[in-house]
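None of the figures in this text is laboratory data; all of them are computed from the coordinates on show. Just so it is clear, the structure is predicted and the values come from calculations on it, not from any experiment. For neighbour counting, all protein chains shown are included, and Cβ atoms are generated from backbone atoms with ideal geometry for every residue, glycine included.
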Amino acid sequence: MIELYLFLAFILVAAIIATEIKDLLAAVISLGAVGFAVAIVFILVQAPDLAIVQIVIEVLTVVIFVAVISRTTHIDETIGKKLAGTQIFAVVLFAFFAILFLVVMGKALYQLPAFGHPTMKIASEYIRLGLGQTGGANIVADVILDFRALDTLGEATVLFTAVIGVAALMRKSGRKK
Amino acid sequence: MKGMSLIVKTVTNIVIGFILIYGVYIVLHGHLTPGGGFAGGVIIAGTFVLKFLAFGGTARSERESLTIGSVFESLGALLFISVAILGILLTGVFFANFLAKGIPFHLVSAGIIPICNIAIAIKVGAGLFSIILALAAMKYVIED
């Protein structure tokens, strides 16, 4: 388990670098490092389906970010500036709620069952019945496309809506000059 | 958008077929090995994005690609939802697995799961390719 914690620490460090660095291109590369470390963490906790999706999505995300940054600007000008009065109020408010969230979250996480011991019976039922009832050897495909196919339909609808939104934002006709 | 250097174009020509075949493999073996429609569709979209980034394209070809991408995305969504509605018509249950289960661990098995994987791959691949084309390659808004 030690390598899992090493990668989690790496994710934290890379995420902090991504928010604090002044060059946006370096921030995007740091964000990509976070994504690939998450993929490795998925492999370490034995979720290869998620790892494949995470890797390919991370590649496409970094491509989008780099393409957008290379067409606009490299420098993040908001970093290193002094905060105005209302911004200080916002930061204090955010810090208060973040600490509150951490305290409540700590109490909630303390009551969770141990890693690998689910409280619900339904997951073990899926694993027991998956191969026999659907005939699919990959239990993840059995769950997302047979037992819980309605959830997958919802996920596909979300992606469809996202594409429609992007196409509407980037349209040419009907825009005011 | 403009293309890249000769080195990038040559390497793209060599690897793009392998990446496409790997994406199709991930989709078709989604019910047997890790992967599935979503991951395979994104890999297939990645080959088209790679080709566009390496070779570039004119404003007209980008617009046509966006149209084709949106048509394929709608086709994938229609295929997925029609499989689900066929379940209602044949057995009375939404998303019922109405095809024969087949022998486990064989390529043609698991009923509707491979068909759903293919539909999702078409939908996700075309959708993500359209998003990247609209966000990263197009110059509609900036140049007009």
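What to note about this one:
- Entry note, chain B: relative contact order of 32 percent, from Cα contacts under 8 Å with a spacing of 6+ residues.
- From its DSSP helices (H runs of at least four residues, each -39,500 (n - 2.57)), chain A gives a residue-normalised ellipticity at 222 nm of -24500 deg cm²/dmol.
- Contact order for chain A, expressed relative to its length and based on alpha carbon pairs under 8 Å spaced 6+ residues apart, stands at 14 percent.
- Principal-axis tilt of helix B:6-28 within chain B, Cα atoms, nearest 10 degrees: 10
- Applying both filters, DSSP loop and at most 15 other Cβ atoms within 10 Å, to the GluC sites (Glu not before Pro) of segment A:40-136 gives A:GLU77.
- Projected label distance in nm at A:ILE79 and A:PHE97, using a 7 Å step from Cα toward the beta-carbon: 2.5
- Where labels lie 7 Å past Cα in the beta-carbon direction, separation of B:TYR22 and A:LEU109 in nm: 3.4
- The trypsin sites (Lys or Arg not before Pro) found in segment B:19-102 that occupy coil by DSSP, while having at most 16 further C-beta atoms within 10 Å, are B:LYS101.
- Note on chain B: Rg/Rh from C-alpha atoms, Kirkwood Rh, equals 1.08.
- Whole-angstrom Cα spans of the protein assembly as shown along principal axes, big to small: 64, 57, 41
- Per-residue mean of foreign Cβ neighbours for B:27-38 is 6 (Cβ atoms of other chains, 10 Å radius).
- Spin-label proximity, A:LEU150 to segment B:65-88 - amide N less than 19 Å from point 7 Å beyond Cα toward beta carbon: B:80-88
- Taking Cα atoms only, the orientation of helix B:59-91 departs from the longest principal axis of chain B by about 10 degrees.
- Per-residue mean of C-beta atoms belonging to partner chains within 10 Å, peptide B:107-120: 4
- Two tests apply to each whole DSSP H helix in chain A, Cα reach of 18 Å or more along its axis and mean Kyte-Doolittle hydropathy of at least -0.5, and the ones passing both are A:2-20, A:24-44, A:48-71, A:85-110, A:149-169.
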